[in-house]
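Inspection log for the structure reproduced underneath, given as structure tokens.
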Amino acid sequence: MRATTVMLLAIGALILAHWANSEPAVNAKMVIELTFALIVIAALDQGQTEPVAKGFAWLFLVAVLLSNKSVLTALGKAGTTPKAA
């Protein structure tokens, strides 16, 4: 799988995570940062730097999926009921 594709999956998971946690899904700062990251990965995703791009893209995807506010965490919280105080 190309690094650019993995990066697009990570960006999609990040947007879903914001949405699942009732946070603003997209803002100007986030769009600029993610566009820059995608351009850098796409530039590295060719020739001798392709393994580096793949490594960074997979690390970004893993970081998004394992963060405290990931979509996986939001799904886990959805199945539990809040405890009475």
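The numbers here are math on the coordinates, done by the rules we state, and not lab data. Keep in mind the model is a prediction, meaning the values are calculated, not measured. Cβ: placed from backbone, ideal geometry, glycine included. Neighbour counts: every protein chain shown.
Based on every Cα atom in the chain, Rg and the maximum pairwise Cα distance Dmax equal 15.3, 58 Å. Cross-link reach is defined here as a Cα-Cα straight distance under 25 Å, omitting same-chain residues fewer than 8 places apart; for Lys77 the lysines meeting it are Lys69. So what is the calculated 222 nm ellipticity per residue for the chain, using -39500 (n - 2.57) for each DSSP H run with n of 4 or more, over all residues, to the nearest 500 deg cm²/dmol? Calculated mean residue ellipticity at 222 nm is -23000 deg cm²/dmol. Dipole size of the chain about its Cα centre, with +1 on Lys/Arg Cβ and -1 on Asp/Glu Cβ: approximately 300 debye, rounded to the nearest 20.
Relative contact order, whole percent, for the chain stands at 45, derived from Cα pairs under 8 Å and 6 or more residues apart.
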